[in-house]
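Structure record follows, encoded as structure tokens.
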Amino acid sequence: MTILSLQGVTRRFGGLVAVDAVDLEVSAGGVTAVIGPNGAGKTTLFNLVSGFQTPDAGRIVFAGEDITGRRPEAIAASGLVRTFQLVQLFQNLSVLENIQVGCHLHTAGGVWSALLRSPRTRRAEQEVEARARELLAFVGLDAAAETEASALAYGQQRLLEIARSLAARPRLLLLDEPAAGLSVDETKRLSGVIRDIAARGTTVLLIEHDMKLVMNTADRIAVLDFGRKIAEGPPATVRENPAVVAAYLGGAPLEGANPDANPGANFGGTHA
Ligand SMILES: Nc1ncnc2c1ncn2[C@@H]1O[C@H](COP(=O)(O)OP(=O)(O)OP(=O)(O)O)[C@@H](O)[C@H]1O
Ligand SMILES: [Mg+2]
């Protein structure tokens, strides 16, 4: 079953076509990666899908509904949630509170009910806390629940962000470069978390430069170059694709194609 479908999606910035007539079908249940050199249009594609920017042409269908041009809040409420390329946390709140803020948007009583503190509200709050702690355990941050977010290591902040985005119980989660700045061990942990998210029924669409992570985590890969989709398929096929190899580093084999490749190496191929 297809959960997300893009048909001829295009976005221009002045004379630059950042996303150029992209067709993409994302199957429900797995992990799909979007890769491509710097400036290929990956983040713009996410902005279009999540409603932060509007396409100049094309159609975006999520879970059978045309969401083209809808507001980001409406798209998030319908079950499509994204994280950003740079960490966006409430730095002065605790780890637990960061997740609770995400959960509160989804409780029956909402904010007004929380202010009045009826028995029903207190019960809802207990449920929110239990859910928040469960999400922290899921990403391995339960021991840090009371820590201020600013005191977390960078890799932990990224995991916290992912846990918070799961508070909304999304059907589709968009992750923009979640491994950027992570150590090798943190990246391994992240790969496990992403697979677990998919196993629990949230489809994942992932932008990533770390080819080892992509090859180990994604079921399917779509490759963008200069805004166009130049290849798509399972990892084993995509990494051998001559057009993909040419788009990166002018012909060197993809990192991650070789299991002995430097696991920290990045694929920041650039046209700049
Ligand atoms: N708001 C904007 N205004 C003008 N140009 C933009 C804007 N956003 C992106 N661009 C341009 O569109 C192109 C695609 O940018 P985008 O950020 O989508 O690339 P990306 O694939 O995410 O790159 P990276 O891997 O570096 O994050 C780039 O040439 C970028 O400079
Ligand atoms: Mg980007």
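Just a few scattered comments:
- Rounded tilt (10° steps) of 95-104 against the dominant C-alpha axis of the chain: 90
- Selected from Val34, Val238, Val204 as most flexible by GNM, with the chain as the system and alpha-carbon contacts under 10 Å: Val238
- Residues whose amide H falls under 5 Å from that of Thr2, counting only those 5 or more places apart or on a different chain, are Ala28, with hydrogens built in the peptide plane.
- Extension gain (nm, one decimal) between Ser94 and Arg200, 0.36 nm per residue minus Cα-Cα: 35.5 nm
- Acute angle (nearest 10 degrees) that the helix 119-138 long axis makes with the longest principal axis of the chain, alpha-carbon atoms: 40
- Within the chain, longest stretch free of exposed trypsin sites (Lys or Arg not before Pro) [DSSP loop, at most 15 other beta carbons within 10 Å]: 1-116
- Helix axis angle, 154-166 relative to the chain longest principal axis, alpha carbon, degrees: 70
- Zero-based 5 Å bins, Cα pair distances in the chain, whole percents: 1, 6, 12, 16, 18, 16, 13, 9, 5, 2, 1, 0, 0
- Reachable lysines from Lys188, criterion Cα separation under 21 angstrom, eight or more residues apart if same chain: Lys212
- Cβ-to-Cβ counts within 10 Å put Asp185, Asp219 in ascending order as Asp185, Asp219, the fewest first.
- Calculated from backbone phi, Karplus (6.51, -1.76, 1.60) coupling profile of the stretch 207-213 in Hz, x at Gly/Pro: 9, 7, 8, 6, 5, 5, 4
We did not get these values from a lab; they are worked out from the coordinates using the rules stated. Keep in mind that what you see is a predicted model, and the values were worked out from it rather than measured. Methodologically, a virtual Cβ is constructed for each residue, glycine included, from the backbone with ideal geometry; neighbour enumeration extends over all protein chains shown.
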